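K.L.:
What follows is a structure written as structure tokens; I'll ask about it next.
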Amino acid sequence: MLEIIIIILLAVVIFEGLLVYFSLKRISQYEKIIAEVDNIIEYITEQVKVLDSKGTFKSDDEIGFFWEAITTMSKLLNNLFEKEDVNAKAKN
């Protein structure tokens, strides 16, 4: 009877271990995709700022809306993941 309980517990532990492994693997893939999207949005935001150095695009109704949407998405994605602070780690 004890052997059966041990086998069942071992099977549950192995199953949960595999479940955690594949979950973490998938989360890592999603993080990479979001980081790539964040880099693209940052690049687009910088290019729009260069183009809108005189403020003509930002003041236009339709293009200004697009510019605000891009900067808002960039800010949201920048705050999505915690940025590692190298100075804080050096102090610890």
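K.L.:
Within the bounds of the stretch 60-73, is there any residue that is surrounded by 11 or more Cβ atoms within 10 Å (Cβ to Cβ), small (Gly, Ala, Ser) and at pLDDT 70 or above?
P.N.:
yes
K.L.:
So, one more: Tally up the residues in the stretch 43-59 that are under 14 Å from Thr72 (Cα atoms) and at pLDDT 75 or above, please.
P.N.:
First pass over the stretch 43-59, keeping only residues under 14 Å from Thr72 (Cα atoms): 43-46, 48-49, 58.
From the residues that got through so far, the ones that are at pLDDT 75 or above too are 43, 46.
Of the residues in the stretch 43-59, 2 are under 14 Å from Thr72 (Cα atoms) and at pLDDT 75 or above.
K.L.:
Out of all the residues in the stretch 1-46, which are under 30 Å from Glu68 (Cα atoms) and without any contact (Cβ under 8 Å) to a residue 24 or more places away in the chain?
P.N.:
Initial filter on the stretch 1-46 (under 30 Å from Glu68 (Cα atoms)): 27-46.
Ile27, Ser28, Gln29, Tyr30, Lys32, Ile33, Glu36, Asn39, Ile40, Tyr43, Glu46, listed by residue number.
The values are calculated or read from the model by the stated rules, or taken from the named source; none is laboratory data. Source: prediction; values computed, not measured. Backbone-built Cβ (ideal geometry, glycine too); neighbour counts: all protein chains shown.
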